[in-house]
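*Asks:* Just dropping this structure here.
Laboratory data are not the source of any read-out in this text; all were calculated from the coordinates shown. Please read these numbers as outputs of a predicted model, since none were measured by experiment. In this analysis, Cβ positions are derived from the backbone assuming ideal geometry, glycine residues included, and neighbour counts consider all displayed protein chains.
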Amino acid sequence: MTVQTKVILAVCYIILAPVVIGLLDGFDRKISARMQGRKGPSVLQPFYDLKKLFEKEALCANRAQLFLIRSYLMFIMLSGVLFFAGYDLLLVVFALSTSAVFLILAATSTHSPFSSQGTHRELAQIMACEPMELLVAVGFYLATVPRTFNVEFISKSFSPNIIYLPGFFIGFVFILTIKFRKSPFDISTSHHAHQEVVKGVTAEMVGREYALVTLAEWYESAVLYGIVGLFFMSRNPFSIVYAIIAILVVWFLEIVIDNTSARVKWQLMLKLAWGVTIIAAGMNLFLLEIIRSNIR
Amino acid sequence: MSTIHKSPWLLHYDGSSCNGCDIEVLACTTPVYDVERFGVINTGNPMHADIFLVTGGVNSQNASVVKQIYEQMPEPKVVIAVGTCACTGGIFKECYNIKGGADTVIPVDIYVPGCAARPESIIDGVVKGVALFKEKAAKLAASEKAN
């Protein structure tokens with residue numbers, strides 16, 4: 001890829017990611033409503049919500065919060081730019097982890113009991129998700145020939161990496177439920193209105209601040225869906241179609257999980273996340289190494 | 001064009017209601033009435049709320065709570081008193097601990113009468129509240145521009 005193409009892809013990500021993910025979110029709410037026998041809001045509802053939040057009065061308990069939230073957004077955008085411009089996958093994962101630190105700092109800066117409680121759960125969630133995110137990068141590294149973390153090379157593999165990494169794929173899709181802040185109603189902050197810790201990490205974020213967090217989550221979702229697609233990318237130009245189909249299937253699966261596991265608690269979620277990571281990704285890693293050593 | 005009225009998030013607070021009105025408020029979010037089709041979200045966080053639904057009268061213990069919730073909500077905001085008790089104090093009006101309706105501690109914009117208020121009248125009140133919310137948002141934007 002030339003530098004010009006990389007710049008174009010990065011700009012496309014910055015402009016299109018909120019539009020696409022916002023629309024997916026709108027359809028998510030519509031489909032969820034239909035699953036529950038309701039009519040549901042307009043598919044443009046996430047955009048109306050975002051616009052309204054920007055128009056609300058700016059109330060903040062601590063001025064540092066807005067700066068920390070902007071840093072959170074910036075690091076997520078950085079990871080997205082690195083990913084879609086085809087740079088290092090490991091760097092993408094690290095930039096995402098760094099962004100999470102800023103969210104936690106923003107939440108704790110207000111000393112609200114609900115934010116603090118949310119922060120504890122956010123840390124526990126990071127503990128549950130992070131091993132799998134890192135393992136995905138390691139998996140891609142081991143599966144590609146020659147071994148590389150470079151997203152551009154991985155996306156031009158001889159065959160789609162899902163063939164070598166089915167366990168990694170299962171593990172990654174499993175942690176997406178946590179990353180997308182879906183079902184368990186007592187996680188650090190949920191997309192559902194009512195939850196145990198009010199709004200957890202976002203409880204004290206008002207108007208513009210909450211809008212920026214929502215926007216950051218959209219950018220993050222774009223990167224995560226991108227990694228889902230990367231499992232299906234290969235030298236074949238049609239592989240992008242398979243990648244898009246896979247992303248839509250995973251998106252629908254998340255809606256189904258969301259609507260069928262509303263009363264799962266975070267303790268079970270954490271245990272399951274580690275269990276699935278160890279069994280699915282661990283076994284896959286083990287088998288991959290055996291296959292590789294036999295080939296050599 | 002402002003689309004602020006398309007995303008009214010509700011906060012529901014039960015003062016000293018008998019729970020009749022609360023059940024009807026929650027009934028509004030069920031598939032039969034589905035207020036979410038207007039973009040309404042029944043949030044639990046005053047910081048994210050636009051419309052404050054109060055049910056039941058205000059007593060000496062919860063007066064400060066109602067006031068604090070109202071103050072934590074960012075502008076523009078609308079207050080709706082749902083049910084006779086929240087409007088005037090209702091049958092509890094003469095009780096030694098009851099101050100009266102919600103308007104004894106915070107400014108109320110819209111009154112929804114009924115004992116208990118029917119979901120249809122609550123939705124009617126919310127729709128009126130949404131129109132007022134849009135009006136208040138326009139005023140706030142104009143005053144910000146003037147400053």
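*Asks:* If the only charges are +1 at each Lys and Arg Cβ and -1 at each Asp and Glu Cβ, what is the size of the charge dipole of region B:4-138 around the Cα centre, to the nearest 20 debye? Provide the component values of the computation, followed by the final result.
*Replies:* On the way: 10 positive and 14 negative charges, 33 e Å.
Taking the Cα centre of region B:4-138 as origin, the dipole is about 160 debye.
*Asks:* Also, quick follow-up: Relative contact order of chain A, please, whole-number percent, based on alpha carbon pairs below 8 angstrom and at least 6 residues apart.
*Replies:* Values: 433 pairs, mean separation 71.4, N = 296.
Computed over chain A, the figure is 24 percent.
*Asks:* Under 5 Å between amide H atoms, partner at least 5 residues away or on a different chain: which partners does B:Ile41 have, H built in plane at 1.01 Å?
*Replies:* B:Trp9, B:Leu10
*Asks:* Continuing with this model, one more query. Return an integer: the convex hull volume of the alpha-carbon atoms of chain B, in Å³ per residue. Can you show the working numbers first?
*Replies:* Working: hull volume 14.2 nm³, N = 147.
Hull volume normalised by residue count: 97 Å³.
*Asks:* Another question, then. Other chains near B:28-36: what is the mean number of their Cβ atoms within 10 Å of each residue's Cβ? Numbers along the way, then the final one.
*Replies:* Details: counts 0, 3, 3, 5, 2, 1, 7, 2, 10.
Mean partner-chain Cβ count within 10 Å for B:28-36: 4.
*Asks:* Residues of region A:264-296 with backbone nitrogen within less than 15 Å of a virtual label 7 Å along the Cα-to-Cβ line of A:Glu130, please, listed as ranges.
*Replies:* Within reach of a label on A:Glu130: A:274.
*Asks:* May I ask you to derive the relative contact order of chain B, considering only C-alpha pairs under 8 Å and at least 6 residues apart, and to give it as an integer percent?
*Replies:* Values: 287 pairs, mean separation 38.6, N = 147.
For chain B, the relative contact order is 26 percent.
*Asks:* Charges on Cβ only, +1 for Lys and Arg, -1 for Asp and Glu, centred on the Cα centroid of region A:1-108; of A:Pro46, A:Asn62, A:Leu9, which one is farthest towards the dipole's positive end?
*Replies:* After comparing all options, I get A:Pro46.
*Asks:* Ok, one more. Compute the length gained on full extension between B:Arg118 and B:Thr3: take 0.36 nm times their separation in residues and subtract their Cα-Cα distance, giving the result in nm to one decimal. Don't skip to the answer; put the middle values down first.
*Replies:* Numbers: separation 115, 0.36 × 115 = 41.40 nm, distance 2.81 nm.
Extra length from B:Arg118 to B:Thr3 when fully extended: 38.6 nm.
*Asks:* What is the antiparallel percent of DSSP beta bridges lying wholly in the protein assembly as shown, to the nearest 5? Can you show the working numbers first?
*Replies:* Numbers: 3 of 19 bridges.
Of the beta bridges lying entirely in the protein assembly as shown, close to 15 percent run antiparallel.
*Asks:* From other protein chains only, count the Cβ atoms within 10 Å of every residue's Cβ in B:71-81, then give the mean.
*Replies:* Working: counts 1, 3, 4, 10, 5, 4, 2, 0, 0, 0, 0.
The shielding value for this peptide is 3.
*Asks:* Based on DSSP H runs of at least 4 residues, each adding -39500 (n - 2.57), what is the mean residue ellipticity at 222 nm of chain A after dividing by all its residues, to the nearest 500 deg cm²/dmol? List each step's numbers first, then the result.
*Replies:* On the way: 11 runs with 205 residues, N = 296.
Rounded to the nearest 500, it is -23500 deg cm²/dmol.
*Asks:* Take each of the peptides A:242-250, A:1-9, B:91-99, average the number of other beta-carbon atoms within 10 Å over its residues, and list them starting from the highest.
*Replies:* Result, highest mean Cβ count within 10 Å first: A:242-250, B:91-99, A:1-9.
*Asks:* Let me ask another. Can you give the charge dipole size of the protein assembly as shown about its Cα centre, rounded to the nearest 20 debye, using +1 on the beta carbon of Lys and Arg and -1 on the beta carbon of Asp and Glu? Mind showing how you got there, number by number?
*Replies:* Working: 37 positive and 34 negative charges, 156 e Å.
Dipole magnitude for the protein assembly as shown comes out near 760 debye.
*Asks:* Where does region A:6-140 land on the Kirkwood hydrodynamic radius, alpha-carbon pairs, in angstrom?
*Replies:* Details: mean 1/r = 0.0578 Å⁻¹.
Computed over region A:6-140, the radius equals 17.3 Å.
*Asks:* Give a residue-ordered list of calculated ³J(HN,Hα) values for region B:20-32 (Karplus: 6.51 cos²θ - 1.76 cosθ + 1.60, θ = phi - 60°; whole Hz; x for Gly, Pro).
*Replies:* Running phi through 6.51 cos²θ - 1.76 cosθ + 1.60 with θ = phi - 60° gives x, 5, 5, 5, 5, 4, 5, 4, 4, 8, 6, x, 5 Hz.
*Asks:* Nearest-5 percent of antiparallel DSSP beta bridges in region B:23-120? Walk me through the numbers on the way to the answer.
*Replies:* Numbers: 2 of 10 bridges.
Antiparallel bridges: around 20 percent, rounded to the nearest 5.
*Asks:* Oh, and also: If you take each beta carbon of peptide B:38-46 and count the beta carbons of other chains within 10 angstrom, what is the mean?
*Replies:* 6
*Asks:* Greater than 31 Å separation of Cα atoms is the criterion. Which listed pairs, A:Lys52/A:Lys156; A:Lys52/A:Lys182; A:Lys56/B:Lys93; A:Lys30/A:Lys51; A:Lys265/B:Lys77, meet it?
*Replies:* On the way: A:Lys52/A:Lys156 42 Å; A:Lys52/A:Lys182 23 Å; A:Lys56/B:Lys93 36 Å; A:Lys30/A:Lys51 19 Å; A:Lys265/B:Lys77 34 Å.
Those over the limit are A:Lys52/A:Lys156; A:Lys56/B:Lys93; A:Lys265/B:Lys77.
*Asks:* Hey, what number do you get for chain B at 222 nm if only DSSP H runs of n ≥ 4 count, each worth -39500 (n - 2.57), divided across all residues, to the nearest 500?
*Replies:* Details: 4 runs with 51 residues, N = 147.
The per-residue figure over chain B is -11000 deg cm²/dmol.
*Asks:* What residues qualify as long-range amide H neighbours of A:Asp88, i.e. H under 5 Å apart, gap of 5 or more or another chain, H built at 1.01 Å from N?
*Replies:* Distant-sequence amide H within range of A:Asp88: A:Val151.
*Asks:* Run through every distinct alpha carbon pair of region A:3-295 and return the Kirkwood hydrodynamic radius in angstroms, one decimal place. Could you put the intermediate results ahead of the total?
*Replies:* Working: mean 1/r = 0.0508 Å⁻¹.
After inverting the pairwise mean of 1/r, the radius is 19.7 Å.
*Asks:* Additional query: Residue farthest toward the positive end of the dipole of chain B, with Cβ of Lys/Arg at +1 and Asp/Glu at -1: which of B:Gly57, B:Ala138, B:Val105?
*Replies:* With unit charges placed on the Cβ atoms, the residue in question is B:Ala138.
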